[in-house]
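Following: one structure in structure tokens, then a few remarks.
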Amino acid sequence: MHSELSFVPKILLCGDEAEFISRVGKRSFNIVGHVKFFGEIDGKPLNFFQDKKIFFNGKFQDTNGFLKYLVTSDVDYLLFTNVNEFHAVCYFLRTNNFWTKKIITIDVFNSSTRNFFYDSEAEFHLFAWLKILSVKSLLDVDAYFSQGKVFTKLENDLTEIDCISETPLLPMLENIYAHAYKNFAEVGFKHYDAALIVERPPQDFIAAFNFLENFSDRVIIFVRNGSELEHYIAGNTKNFADIKALRTTNGIWLLLTRQKPPENFCMYVVTHKPTPHVSKLPEGYKIIHAVRTLNADLGYLGDDTGDNISELNPYLNEITALYWFWKNADDDVVGLSHYRRFFTESNDLTFAYDKILTRDAALKILDRYDIIIKRVLLHDCSQREATIVSSGRDLTMFAESVLKKYLTQAQPDYVDVFDSAWSLSTIYGCNMFVARRNVFDAYCKWLFSFLIDATRETLRMIDYKKLSTTQKRIMGFFAERLLHVWLMKNRLRVKELNGMLVNDI
């Protein structure tokens, strides 16, 4: 994610240029001028304290004019190669009520691991600003804080900060963070109040801002005075829903809130027979006919067009509809509901159409959560034992062994969680959910990496003609429980809602 920056520091040099170049090594820089405070110029002595003048770019200049120039964006640093001169000048300026963090020594310049700017107070300002903004969680994308001068959380108990760092951090630097991830894959689906990135050229900034959409709606970035990025953002304010700013010595912190276009919402209501719901459902609900490939067309959208597994419905239940709208639809927010079961925010589970979860209510919930699921069901026995009751021990154990074989091949990190989930007496049932596309895609990519192959093997190995209708659905029972397995392994903000059951159809 981290991008090489185009920023090359503009240095006003006080000292011998040859010495500076020999000591600075491979660091990028641009010497924009030379300045002398002490010494001899063309046989004339120069003493900054006595003369109130300096020798700047080949001529004597008044100190006040020079200091005004120093705080412009034409200079990033006034850099001293002689530490004694540095301290002398700094003492004089401070006693005359002038100071800027642009004045540094060559050792300080070399010790900074950042390849952008040096402003030791910028991060202190940021910590305070996070409190004002009530940013409770922050993703430090470029491990910004670990590269600076802050080694603890200071008084930052309000904001939990995670970072991404490909290289291990020194133990003390880990004090800053709650978690240090190696990459975005380890972050998973965790969502933050804001993401922090370092300054980038405009094109790289745009790419990073868009990439972070799945992690946060807001991005914090430091923008140097006079930089390309400053000009870009100033000319494109309409691209952001909101901009908040905090001015510091060398630039400005910006909190940029992304604009969110209207989201295409679809709740697929799975059915396999005529339903009275069509005209009564809320906006965004759509009937989908599962197993249409094996039955008469009911006039609804079917799961048997395009890329589909409709013929597996007798064995996988509503999973065939789930596969269809994963492969053939492009809804921004998607969900699955049974033809007899609907989400509701009400605790009164008596069915009524006006209590069905609406599009607006679902989107409001998903502003705070990653997925909506049906409230957990509790049993007096484990999920394995419940399946044995409905399908028989031999069939259950065989189907479990086949499923686990393919899970081990495709998703080995989930095997332990699978075993644990099957020993629980709880389940998020009926394959019901609502989620944004990125979460939905991730779940389906995981689920179908092994489920279809496992189902087809059972069809080859078992004489399904000898099984009851319930027993034929053995892989469907397993599939229904796999959402629970996936949720246990991933960091999602889960919202449980009740489900209403329609009993008369």
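The values are calculated or read from the model by the stated rules, or taken from the named source; none is laboratory data. Not measured: the values here are computed from a predicted model. Cβ: placed from backbone, ideal geometry, glycine included. Neighbour counts: every protein chain shown.
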Heads up, the strands (runs of 3 or more DSSP E) in region 1-104 (entirely inside) with at least 2 residues that are in contact with an Asp or Glu (Cβ under 8 Å, 6 or more places away or on another chain) and surrounded by fewer than 16 Cβ atoms within 10 Å (Cβ to Cβ) are 30-36
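So that you can scan it fast, the table gives a plain yes or no per residue for (1) over 30 Å from Ala194 (Cβ atoms); (2) part of a helix (DSSP H, G or I); (3) among the hydroxyl-bearing types (Ser, Thr, Tyr); (4) not assigned by TED's automatic domain parsing to the domain that holds Ala479:
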residue	(1), (2), (3), (4)
Asp304	yes, no, no, no
Leu322	yes, yes, no, no
Lys327	yes, yes, no, no
Leu336	yes, no, no, no
Asn347	yes, no, no, no
Phe351	yes, no, no, no
Asp360	no, yes, no, no
Ile365	no, yes, no, no
Ile373	no, no, no, no
Residue, nearest to Gln259 (Cα to Cα), within region 213-236, restricted to residues that are within 15 Å of the chain's Cα centre (by Cα) and part of a helix (DSSP H, G or I): Glu213
Exactly one condition in (1) surrounded by fewer than 17 Cβ atoms within 10 Å (Cβ to Cβ); (2) modelled with pLDDT under 95; (3) closer than 24 Å to Glu213 by Cβ is false for Thr257; which is it? (2)
Could you tell me which numbered condition Thr275 fails, if it satisfies all but one of (1) under 30 Å from Phe450 (Cα atoms); (2) outside any strand (DSSP E or B)? (1)
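Can you tell me which residues in region 237-272 are touching a residue at least 40 places away in the same chain (Cβ under 8 Å), part of a strand (DSSP E or B) and more than 30 Å from Ala321 (Cβ to Cβ)?
Result: Lys244, Leu246, Gly251, Trp253, Leu255, Leu256, Thr257, Arg258.
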If Lys136 satisfies every condition in (1) out of contact with any Lys or Arg (no Cβ under 8 Å at 6 or more places or on another chain); (2) surrounded by fewer than 20 Cβ atoms within 10 Å (Cβ to Cβ); (3) modelled with pLDDT under 90 but one, which is the exception? (3)
What number goes with the only condition from (1) under 13 Å from Arg481 (Cα atoms); (2) modelled with pLDDT of 95 or more that Thr408 does not pass? (1)
Any pair with Cβ under 7 angstrom, 6 or more apart, that starts in region 127-146 at a residue that is assigned by TED's automatic domain parsing to the domain that holds Leu246 and ends at one that is modelled with pLDDT of 85 or more and small (Gly, Ala, Ser): Val135/Ala194; Leu138/Ala194; Leu139/Ala195; Leu139/Ser216; Val141/Ala195; Ala143/Ser165; Ser146/Ser165
Hits in region 237-250 - residues which are under 25 Å from the mean Cα position of the chain (by Cα) and over 15 Å from Gln203 (Cα atoms): Thr237, Lys238, Phe240, Ala241, Asp242, Ile243, Lys244, Ala245, Leu246
Taking region 302-318 and keeping only residues that are closer than 21 Å to Thr470 by Cβ, acidic (Asp, Glu) and either crowded, with 20+ Cβ neighbours inside 10 Å or out of contact with any Leu (no Cβ under 7 Å at 6 or more places or on another chain) (or both), one is left with Glu318
